[in-house]
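Trainee: Submitted below is the structure of interest, expressed as structure tokens.
The values are calculated or read from the model by the stated rules, or taken from the named source; none is laboratory data. Keep in mind that this is a model prediction, so the values were computed, not measured. All Cβ positions, glycine included, derive from the backbone under ideal geometry; neighbour counts span all protein chains shown.
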């Protein structure tokens, strides 16, 4: 069953002089096995939205359901439902605190009071998936790792909980290009190989375009666009209203079209854009002949 938000509104510091409405009547269904991107400018409500997905925040109005269970409930079923959602915050490496990589990854499963052999199995599996060799890294302090490696340790700690849904808030923030590309590849592999439902927040339109099956653009606490990338990035007026720009490849191809080259603009990687341009040039030259 999916994640469902029904008429969700949320107000920070309600009843105080600093009261601020962050979400306004948001309804959204995230299907099992999907890869959904959420974007918007600062203050649009995107981070507030994802913090509702595992019960860190509860709606001022409306409800959030995981597999049909209201996360605001107090009973055991609500607790179990919240555990189905793993959350990786922006700069998750700042939350690392154990003395070794293995101990940090094992922290969550150990809090679930799992048997030690099951904890070790999960730690090994999580480290393998983020490509950190267990024997080489298990006893290493996480604070001596590179930024990209620390980010992978943090993600492994969430994966060791074996969530059904994974929420990533700006997962590539602060990483160098090589570490960023590697992490994006790992996220794509998670979705493809484990059939994991992934929701990720990003400000990078190119990353969203090439990875997401579905795009949700937030503005002023509301959903402004909810569509596949092939539709979302061509909704020019709504993109402008949200304060967002189309991916560079789409912008380039659109500009070429404006200047007379009949090129298809729906390319979300450099390779696809190059193929579109080459095809349009060949067609133009053929017509000229």
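Trainee: Suppose the filter is touching a strand residue (DSSP E or B) at 6+ places or on another chain (Cβ under 8 Å) and surrounded by fewer than 22 Cβ atoms within 10 Å (Cβ to Cβ); does residue 178 pass it?
Mentor: no
Trainee: For residue 122, state whether it is surrounded by 13 or more Cβ atoms within 10 Å (Cβ to Cβ) and under 18 Å from the mean Cα position of the chain (by Cα).
Mentor: Criteria not met by residue 122.
Trainee: Still on this model: What residue, of 140, 158, is at negative phi and in a loop (DSSP other than H, G, I, E, B)?
Mentor: On inspection, the qualifying residue turns out to be 140.
Trainee: Now, a different point. Report those strands (runs of 3 or more DSSP E) wholly inside segment 1-54 carrying at least 3 residues which are over 24 Å from residue 211 (Cβ atoms).
Mentor: 3-12, 20-30
Trainee: Between a residue in segment 260-275 that is on the phi < 0 side of the Ramachandran plot and buried (at least 18 other Cβ atoms within 10 Å of the Cβ) and any residue that is assigned to a loop (DSSP other than H, G, I, E, B) and at pLDDT below 85, which pairs come within a Cβ distance under 6 Å, given they are 6 or more apart or on different chains?
Mentor: So the pair list comes out as 273/267.
Trainee: Also, quick follow-up: Can you pull out every residue in segment 81-101 that is in contact with a strand residue (DSSP E or B) (Cβ under 8 Å, 6 or more places away or on another chain) and either in contact (Cβ under 8 Å) with a residue 40 or more places away in the chain or more than 25 Å from residue 170 (Cα to Cα) (or both)?
Mentor: 84, 85, 86, 87, 88, 89, 90, listed by residue number.
Trainee: OK, next. Would you point out which residue out of 187, 199 is touching a strand residue (DSSP E or B) at 6+ places or on another chain (Cβ under 6 Å) and in contact (Cβ under 8 Å) with a residue 24 or more places away in the chain?
Mentor: It is 199.
Trainee: Which number in (1) surrounded by 16 or more Cβ atoms within 10 Å (Cβ to Cβ); (2) out of contact with any strand residue (DSSP E or B) (no Cβ under 7 Å at 6 or more places or on another chain); (3) part of a helix (DSSP H, G or I); (4) touching a residue at least 24 places away in the same chain (Cβ under 8 Å) marks the one condition that residue 132 misses?
Mentor: It fails just one condition, (3).
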